[in-house]
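K.L.:
One structure is given below, represented as structure tokens, and several questions about it will come after.
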Amino acid sequence: MSKNEVISPETVEETYQHDVSVKVRAVDEPSPEPEVGLKDGITRRRFLFTTGVVGAGALLVGQGVLAFALPNKVIAYPTSKGALLVDTKKCANCMSCMLACSSVHAGKASFSKSRIQIIFNPFSTYPDGARQAQCHQCHNPKCVAACPTGANHVDTKNGNVRTVDARKCIGCQKCIEACPFETSRVQWDHDLKASQKCDLCVTSKYWSEKGGPEGKHACEEVCPMHAIHYSEKLPDVDGVEGYETNLRKDDEWKALGFPMGDKGEFTSEQLGAMRAAAAAAAAAAAEAAE
Amino acid sequence: MADGYMGKILRVDLTKNEVSIIDTEKYKKWGGGNGIGTALFWDECEDVTVDGLDPRNVVTIMTSPLSGTIAPAASGRTEVQGNAPQAYPVNWFTRSNFGGRFSGMLKFAGWDGIVIKGKAKEPCWLDIRNDKVTIQSAKGIWGLDTFETQEEIWRRLRETSGYSTNGWYTLEKGRDTGNTTFDPAVLTIGPIGETLSPAACLIHEAANGSGQGGFGAVFGSKNLKAVSVIGTGEVDVANMTDLMDTRLWMQKSTMMGNYNTPQTQEMLLAAPGTAANSLFKMSSAPGNGAGPVFGVPQDVPSVPYGCLACVRCCRRRFSNSKTNGSTCVDFAFFGGGDAEAHGAAGQDTFDASEMMQRAGINDYVLLVYLPYLRALAKLGVLGPGKQIDTDLPIEEEWGESNLLRILIDKMEKQEDIGKYLHMSLVDFAKAIGRYEEDSASGLFNVQYWGYPQHYDARTEVEWGYGTLMGDRDINEHDFNDYIYWTPSLSIVSGLEPPYTAEEYANVVSKVIKPYDGDPLVVDYSDEGIYSEHMAKLVAWHRHYTRYYKQSMQFCDWCYSDIFNPYNEGHIGLTGEVEPRIINAITNKNESFLDGMELGRKIWNFDRAIWCLQGRTCEMEKFAPYTYTQPAAVGGEATVPYIMPTFEGGKWDFRMVSGRMLDDAKVEDWKQKYYKLEGWTTDGVPTRETLEELDLNFVADALEKEGRL
Amino acid sequence: MGSPTQVISQEDGYSLEQAQVPDGSMMELRVPILSAPSVELAQAGLHEYGFDHRFSLVKMSQMGGGSPLWAYSLSEIEQNLKPVPLINFEMMQQGSFCYVDLPNLATWVEQTSGDQDLADAIREIAAQDRSFGKLAPFAKSLLQARLASYEQVLATQKADITSDWAGDRGEHTPLGAKAADSSSNSDD
């Protein structure tokens, strides 16, 4: 599967709607070989395509807890309870999120150890040039699938967040390479010599707040633009950037003059209001001229 | 013990073509930024009286323990110091400061700061990759504009980096050498700096400029094109849990901690003109908010833009220009003419701003030049064949970005009028034979030490006095918003200001320790401005900013927080927020007053250096028009300066424009201030004062030079 | 530039006009209607003056303070005289506006074009409220009307001259040419 190929969101949503009954690899359960989804020359997408959504769903229901003992040993994973979404069209590029992330996880402020990366070209024009790289807890986590030791795993005790147990990481970096996005959402901690990734602040030990899916998330809390948002609805996957999310839709942001459109443009409603104001001024001028 | 410091400062001797390490430990007692910078300048500069462009001048580029951390609005500033070619009549030792991400990146590379000495034989740039530092040839970079320079350095670094994995790359061979997704943070000069114009600034990214002082020319004089730094390390602090908690606590007192509360909803959405809608400084929204301000056409999308770890994000990113982060004078220097030429400021203003940033010119210099040149043309003395003979199309192209293109070209080539514009402001006015006349009338509104008039010394005296007692336009907005802008704008618009003068004075009186308990410090009446109360306000301001803003590098656009709409009694966070942040990082357990005292110490240290450079009481004069022309821009327009006054036993907001300063009373005020600071009648810190501050060695130096 | 006000009625030499003022409310104000100027007055009213007769405006902004704006013609002043936007959060933090001292403007008009009717009318507007922000749209409306009447008088005059002097236009400088010559730097 090339990086540019994506699983259609509809398919994913439908397929995993019964994920509660899926058998998964838990935190302390080493993954048996071979259980990796993408190793045997068949991609998740191809599997879905060839077996069909209905077939997969039926299989789920029919197999109960042992669901997804599928051809080529493709393993399905339970959906994460939620993920952190970033609206790069709202982001001010202050990188508070990055520093907060490394601060609460590592106890040190660092760009390199941040599990969210804001990649910004200061010579770009809005809305281009700003990207975010933060794990959005894929339905089908290729990083988990790529891990030969179970270090990169689904944490069933913490809302199925995809995370790395550094103690089990052997440093092969396969999970980093497997991440399908333009900048890997899994990072290499060169001091620990282990991979790491967004764990929804489950391990945010340098903070008085409790993290995890039910708790608080450092990046979300510090963001002065409120451009990061924890969502129980996982994002629609869309291209290599992953997804678009629009956190500018409330009246406060409109009042602050933010472009409200999904792509960072003014909406027709906003442009209409501007045009109406201009037309009113022109009409007043015409009236005055008479 | 983790304390926010990286432990080493980089010394670069360009004459010797070598780099070395200074242990930060010796300098920690100065805090960071300006404090350490002054101490380093003292130690590293063989003669503190050298001119700005002398190879012996030393430039310090300093971070603070807070840099690179999540300290709110206190992480992304970098302090630059050295002797200033822009200053008049002496190249005073000065400071400048810029935002962005340079400070954080320098610390992630393992450095608390950089000291640059000497002069390279050939144009060069400094390449810092973690602890690996090299002085590189600037061949192929010298001559590029500031944007091109940064992009070229990024390209060269990527070419020579280690290996990349899925969007990440390492700085050296080997996967455990630290990896990153970032390009280096670069501080560079443009073509104007290469030709040593005092109008040249340092530029980082698009619009982070270290403008005042002329450090672009200082870099140029050292044959130094740029400093590039990339780091993959981290900043370790004493108590991260406290720091995180403090940040979130502090955010609650900003608008962004309240954006969805009923109070802010009212501010944002309720009827304009109500007190609730008239936000105060700490509460203000990110970016420009709605509407076509600064010439952003209303239908051009733009969003806020912040320096590292900011909570306010006061700047802006645009869809119609690459001049990201520009704000205020970055646009204002051109927007007025653009509006006159086209009905409203627009694309020409953006294009002009980008040209200015690319060339690396201090926008404040252009803010003086453009209207002044046009006035001279109108006066009939500037133009082809005129007394000031130039083909600069100042009138024909007024408001067109092409005018700036031509002007910059002339400055770069130093031809036609460009050979004069290339000088410092005062030297320019002298070279064209207009200085005496126009600084007397105020047409040439360069009010103090060769720097453009910013807030007027005749009305907002704490700004003018602070500048006069120092070395440059202070550019510190601690009081300005509340004593001038909000009341003036409200009353000019026919509205009641959102607070009374008495309420503001009482809050100031509670917060400004150790000078608290005196509301009259903000009495801007004709008597109040010459009082001992005003001396206390100026002293508080000098000491506060020297430590908290310029040394620990709390951003001016967020601190001090004296008056805050979200807190009970409108009492701001200053006094509590600064030590909480500092102590979480350094574990020094210092009090607010400890910081104020260190600020006083650094201020006296700087003052002593100016005295060694020749400062006397007699030199401390504003430009002549300040004493002879009523307060107004250019000496003639009526400016609605509405300020708090206490007269007849009553507080009020009163129009004080039209005021000119009384020379004798200013002299009298200076003596009150000198006395309060413990300085001689000639303005030199006494031995007693210096020894009380543990600055005996400074007293010795002053005595040796006959100043004590 | 459109009119900043709406005309409600016109009687007794006044135009009753309405505009939004900085607190967001609508305000009504009586704006004098002036009789047509003479050709000479129209020429003087449109003239671009030199440095000694410049008019100073102030652009006010929070970060930068006051910046000078020098205007050299009534038209330039009118362009810069913009209604103060609604006083709301963005104005309070980073906005800017251009301040025109109306009594000073009246004096300037007297000393340059000598249009006494206009100077008196400006003073009459200024006397109705002490807040510049409230008066700005009405003062602008007045200046717009006066500039339009200058243009109209000169256009009429030009048409008359053209018809009177048809076939001889190469030798005559039509009235109003001075006003149109914006490159003139000298004072009268």
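The values are calculated or read from the model by the stated rules, or taken from the named source; none is laboratory data. Predicted model, so just to flag it, every value in this text is computed and none were measured. Because the Cβ atoms are built from the backbone with ideal geometry, glycine has one as well, and the counts that use them run over all protein chains shown.
K.L.:
Can you tell me how many residues within segment B:502-518 are over 28 Å from the mean Cα position of the chain (by Cα) and under 15 Å from B:Glu462 (Cβ atoms)?
P.N.:
1
K.L.:
Please list, ordered by residue number, the helices (runs of 4 or more DSSP H) wholly in segment B:406-484 having 2 or more residues that are within 14 Å of another protein chain (Cβ to nearest Cβ).
P.N.:
Qualifying helices (runs of 4 or more DSSP H): B:435-441, B:461-469.
K.L.:
Residues that are at pLDDT 95 or above: find the helices (runs of 4 or more DSSP H) completely inside segment B:298-402 holding 2 or more of those.
P.N.:
Hits in segment B:298-402: B:347-359, B:363-378.
K.L.:
Let me ask something else. When residues of segment B:558-572 are filtered for being in contact with a strand residue (DSSP E or B) (Cβ under 9 Å, 6 or more places away or on another chain) and either in a loop (DSSP other than H, G, I, E, B) or surrounded by 23 or more Cβ atoms within 10 Å (Cβ to Cβ) (or both), how many remain?
P.N.:
Count: 4.
K.L.:
Can you list residue pairs whose Cβ atoms sit under 6 Å apart, with the first residue in segment B:650-678 being at positive phi and the second being surrounded by 14 or more Cβ atoms within 10 Å (Cβ to Cβ)? Count only pairs 6 or more apart in sequence or on different chains.
P.N.:
B:Gly658/B:Pro630; B:Gly678/B:Thr686; B:Gly678/B:Thr689
K.L.:
Anything in segment B:401-448 that is of a type in the set (Gly, Ala, Ser), without any contact (Cβ under 8 Å) to a residue 60 or more places away in the chain and buried (at least 18 other Cβ atoms within 10 Å of the Cβ)? List them, or say none.
P.N.:
Result: B:Gly418, B:Ala429.
K.L.:
Please verify whether A:Lys205 is more than 10 Å from every other protein chain (Cβ to nearest Cβ), touching a residue at least 12 places away in the same chain (Cβ under 8 Å) and not small (Gly, Ala, Ser), treating the condition exactly as stated.
P.N.:
No, not satisfied.
K.L.:
Sticking with this one: State the number of residues belonging to segment C:30-60 that are surrounded by fewer than 17 Cβ atoms within 10 Å (Cβ to Cβ), within 11 Å of another protein chain (Cβ to nearest Cβ) and of a type in the set (A, V, I, L, M).
P.N.:
Number satisfying all stated conditions: 0.
K.L.:
Which one is nearest to the other protein chains (Cβ to nearest Cβ) among residues in segment B:345-376 that are out of contact with any helix residue (DSSP H, G or I) (no Cβ under 7 Å at 6 or more places or on another chain) and aliphatic (A, V, I, L, M)?
P.N.:
The extreme case among them is B:Leu376.
K.L.:
Quick one: which of A:Asp250, A:Asp262 is over 27 Å from A:Arg185 (Cβ atoms), more than 7 Å from every other protein chain (Cβ to nearest Cβ) and either surrounded by 14 or more Cβ atoms within 10 Å (Cβ to Cβ) or modelled with pLDDT of 85 or more (or both)?
P.N.:
Of A:Asp250, A:Asp262, the one residue that is over 27 Å from A:Arg185 (Cβ atoms), more than 7 Å from every other protein chain (Cβ to nearest Cβ) and either surrounded by 14 or more Cβ atoms within 10 Å (Cβ to Cβ) or modelled with pLDDT of 85 or more (or both) is A:Asp250.
K.L.:
Residue by residue through segment A:161-195, note down the ones that are surrounded by fewer than 23 Cβ atoms within 10 Å (Cβ to Cβ) and more than 12 Å from chain B (Cβ to nearest Cβ).
P.N.:
Of everything in segment A:161-195, those that are surrounded by fewer than 23 Cβ atoms within 10 Å (Cβ to Cβ) and more than 12 Å from chain B (Cβ to nearest Cβ) turn out to be A:Asp165, A:Ala166, A:Arg167, A:Lys168, A:Cys169, A:Ile170.
K.L.:
Could you check segment C:114-154 and list, in sequence order, the residues that are among the polar types (S, T, N, Q) and within 13 Å of another protein chain (Cβ to nearest Cβ)?
P.N.:
Selection gives C:Gln128, C:Ser131, C:Ser141, C:Gln144, C:Ser149, C:Gln152.
K.L.:
Counting only residues that are within 14 Å of B:Val656 (Cα to Cα) and buried (at least 16 other Cβ atoms within 10 Å of the Cβ), how many does segment B:502-528 have?
P.N.:
Summing the residues that are within 14 Å of B:Val656 (Cα to Cα) and buried (at least 16 other Cβ atoms within 10 Å of the Cβ) in segment B:502-528 gives 5.
K.L.:
If you go through segment A:181-208 one residue at a time, how many are among the charged types (D, E, K, R), part of a loop (DSSP other than H, G, I, E, B) and under 12 Å from A:Arg115 (Cβ atoms)?
P.N.:
Residues meeting the conditions: 2.
K.L.:
Check off (1) surrounded by 24 or more Cβ atoms within 10 Å (Cβ to Cβ); (2) at pLDDT 95 or above; (3) assigned to a loop (DSSP other than H, G, I, E, B) for B:Arg546 and give me the number that stays unchecked.
P.N.:
Only one criterion is unmet by B:Arg546, namely (3).
K.L.:
For segment B:10-85, please list each of the strands (runs of 3 or more DSSP E) lying entirely inside it that holds at least 1 residues being under 23 Å from the mean Cα position of the chain (by Cα), β-branched (Val, Ile, Thr) and under 30 Å from B:Met255 (Cβ atoms).
P.N.:
Once the strands (runs of 3 or more DSSP E) in segment B:10-85 are filtered for at least 1 residues that are under 23 Å from the mean Cα position of the chain (by Cα), β-branched (Val, Ile, Thr) and under 30 Å from B:Met255 (Cβ atoms), what remains is B:78-83.
K.L.:
Of the residues that make up segment B:623-637, is at least one free of Cβ contacts under 8 Å to residues at least 24 places away in the same chain and surrounded by 14 or more Cβ atoms within 10 Å (Cβ to Cβ)?
P.N.:
Scanning segment B:623-637 turns up at least one residue that is free of Cβ contacts under 8 Å to residues at least 24 places away in the same chain and surrounded by 14 or more Cβ atoms within 10 Å (Cβ to Cβ).
K.L.:
Between residues in segment B:173-197 that are farther than 30 Å from B:Lys419 by Cβ and small (Gly, Ala, Ser) and residues that are in a helix (DSSP H, G or I) and modelled with pLDDT of 95 or more, which pairs lie under 6 Å by C-beta distance while being six or more apart or on different chains?
P.N.:
Close Cβ pairs (under 6 Å, with a partner that is in a helix (DSSP H, G or I) and modelled with pLDDT of 95 or more) amount to B:Ala185/B:Phe102; B:Ala185/B:Met105.
K.L.:
Follow-up. Scan segment B:485-496 for residues that are under 19 Å from B:Ser509 (Cβ atoms) and either more than 9 Å from chain C (Cβ to nearest Cβ) or at pLDDT 85 or above (or both) and jot them down.
P.N.:
B:Pro487
K.L.:
When both residues are 6+ apart or on different chains and their Cβ atoms are under 6 Å apart, which pairs have a first residue that lies in segment B:203-226 and is among the hydroxyl-bearing types (Ser, Thr, Tyr), and a second that is buried (at least 24 other Cβ atoms within 10 Å of the Cβ) and assigned to a loop (DSSP other than H, G, I, E, B)?
P.N.:
Taking only residues 6 or more apart or on different chains, the pairs are B:Ser210/B:Cys201.
K.L.:
Could you list, ordered by first residue, the pairs with Cβ atoms under 8 Å in which the first is in segment C:10-27 and away from chain B (no Cβ under 13 Å) and within 14 Å of C:Lys140 (Cα to Cα) and the second is assigned to a loop (DSSP other than H, G, I, E, B) and of a type in the set (Ser, Thr, Tyr), at least 6 apart or interchain?
P.N.:
The qualifying pairs are C:Glu17/C:Thr5; C:Gln18/C:Thr5.
K.L.:
Of all residues in segment C:61-100, count the ones that are outside any loop (DSSP other than H, G, I, E, B), farther than 17 Å from B:Leu370 by Cα, modelled with pLDDT of 75 or more and more than 7 Å from every other protein chain (Cβ to nearest Cβ).
P.N.:
The qualifying residues number 5.
K.L.:
Condition first: more than 7 Å from chain B (Cβ to nearest Cβ) and hydroxyl-bearing (Ser, Thr, Tyr). Now tell me which residues in segment A:101-115 satisfy that.
P.N.:
Passing the criteria: only A:Ser114.
K.L.:
Looking at B:Thr165, B:Thr195, which is the one that is under 27 Å from A:Ser124 (Cα atoms) and β-branched (Val, Ile, Thr)?
P.N.:
After ruling out the rest, the residue left standing is B:Thr165.
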